[in-house]
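Below you'll find the structure, written out as structure tokens, and then a few comments.
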Amino acid sequence: MTTTLTRLASGFVLLEAARWLPEHGLVFSDMLGGGVYALRNDAAPTPLVEHRKGIGGLVPHAEGGLVVSGRNVTHKRADGTGVVLLETAEDEQFFNDLTADSAGRLYIGSVPKDHENGFGRLYRLQTDGAVDVLAEDVRITNGLAADPAGTALFHVDTPRKVVWRYALPGGERTDFVSTEAYPGVPDGLALAADGTLFVALAGGSLVVGFDPSGAVVAEIEVPARLVTSVCLGGEDLRTLFVLTGVNSEYPDPAGGSVFAMPAATAGLPAPAAAVRLA
């Protein structure tokens, strides 16, 4: 398939956590380079959160500011101050991706310190601050997305090459799709209004779209190997943004980049957290 992606920005390290926020445009993190950036139209990316590294996921908060992952889960205000919402357990290295559902609850995946033998967890942080655990056997957590009806949560476990589907509110888990047929491993994902799930394949130079039954409906070639994050945005939510990264295994002289193309299906507004801040 011939790519129709246009490069919008480059020179980063490892881009993650793509969200479309109307007040900022495309918002994303540089997980290794540090910081959260906003990109709108032809302007250069501008920083929203300075320096902080390790942000694999972010969502806006209903009271303003952003909730970001990393060494902990923190609400970051526009003035740079923050409130810690969740700390890692002793056997966890950091929190990677996160998302919110239509009720404002947060779903947060952790990464174990022991990548070979340990497991991370999938947490649900209720709006009143209570925490429950939906899974304790996650190898390396990545993309997360909840459907707007509040009935399903999609969750990538990267080494297993699987996207899980949790039935909400109880959290019963089934396999939604496997990416074994493709090169690379699944990373970030984005859910469209019609139920199409777009999955970034890190190391595979691909974004794959799956319909609600799990059938493949799109295969989008990306001119970079380390495809890390995807997002549907733009003024009409009909632009597919694709983020990439670089490392020693997947070098790229352009660095981590932001690409965009018209989308065949509309996206959903970014989910917002409503977790109590005090």
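Using 15 Å as the cut-off for backbone N distance, which residues of the stretch 34-65 belong to the label zone defined by a point 7 Å from the Cα of ASP79 along Cα→Cβ?
64-65
Taking 0.36 nm per intervening residue step and subtracting the Cα-Cα distance, what contour gain separates VAL133 from ASN247 on full extension? Kindly include the intermediate steps, with their values, before the conclusion.
Numbers: separation 114, 0.36 × 114 = 41.04 nm, distance 3.22 nm.
Extra length available between VAL133 and ASN247 comes to 37.8 nm.
Please give me the summed charge of the neighbours of GLY104: other residues whose Cβ is under 14 Å from its Cβ, Lys and Arg +1, Asp and Glu -1.
Numbers: positive: ARG105, ARG124, ARG276; negative: GLU63, ASP101, ASP128.
Computed value for this residue: 0.
By what distance, in whole Å, do the Cα atoms of the stretch 42-111 stretch along each of the three principal axes, largest value first?
41, 28, 24
What translational diffusion coefficient, in µm²/s and rounded to a whole number, does the Stokes-Einstein relation yield for the stretch 193-265 at 20 °C and a viscosity of 1.002 mPa s, taking the hydrodynamic radius as the Kirkwood radius over Cα pairs? Intermediate values should be presented prior to the final figure.
Numbers: Rh = 12.6 Å.
Rounded, D is 170 µm²/s.
Give, in nm to one decimal, the length gained when the segment between ALA103 and ALA264 is fully stretched (0.36 nm per residue of separation minus the Cα-Cα distance). Don't skip to the answer; put the middle values down first.
Working: separation 161, 0.36 × 161 = 57.96 nm, distance 2.79 nm.
The span from ALA103 to ALA264 would gain 55.2 nm if fully extended.
Quick one: pull the percent of accessible area on the chain belonging to carbon and sulfur, 1.4 Å probe, ligands and nucleic acids left out.
Working: 5820 of 11380 Å².
Result for the chain: 51 percent of the exposed heavy-atom area is carbon or sulfur.
Decide, for the chain, between rounded, prolate and oblate: order the square roots of the alpha carbon gyration tensor eigenvalues as a ≥ b ≥ c, take rounded if a/c falls under 1.5, and otherwise choose prolate if a/b is larger than b/c, else oblate. Don't skip to the end; give the middle numbers.
On the way: a/c = 1.29, a/b = 1.13, b/c = 1.14.
Here the chain falls in the rounded category.
For the stretch 93-183, how big is Rg over Rh, using alpha carbon atoms and the Kirkwood form of Rh? Show your work: numbers first, answer last.
Numbers: Rg = 12.7 Å, Rh = 13.2 Å.
We get a ratio of 0.96 for the stretch 93-183.
The values are calculated or read from the model by the stated rules, or taken from the named source; none is laboratory data. All values derive from a computational prediction rather than experimental measurement. Cβ coordinates were reconstructed from backbone atoms using ideal geometry, including for glycine residues, and neighbour counts include every protein chain displayed. Ligands, DNA and RNA are stripped out before the accessible areas are found, and what is left, the full protein with its side chains, is counted by its heavy atoms. Shrake-Rupley method; radii C 1.70, N 1.55, O 1.52, S 1.80 Å.
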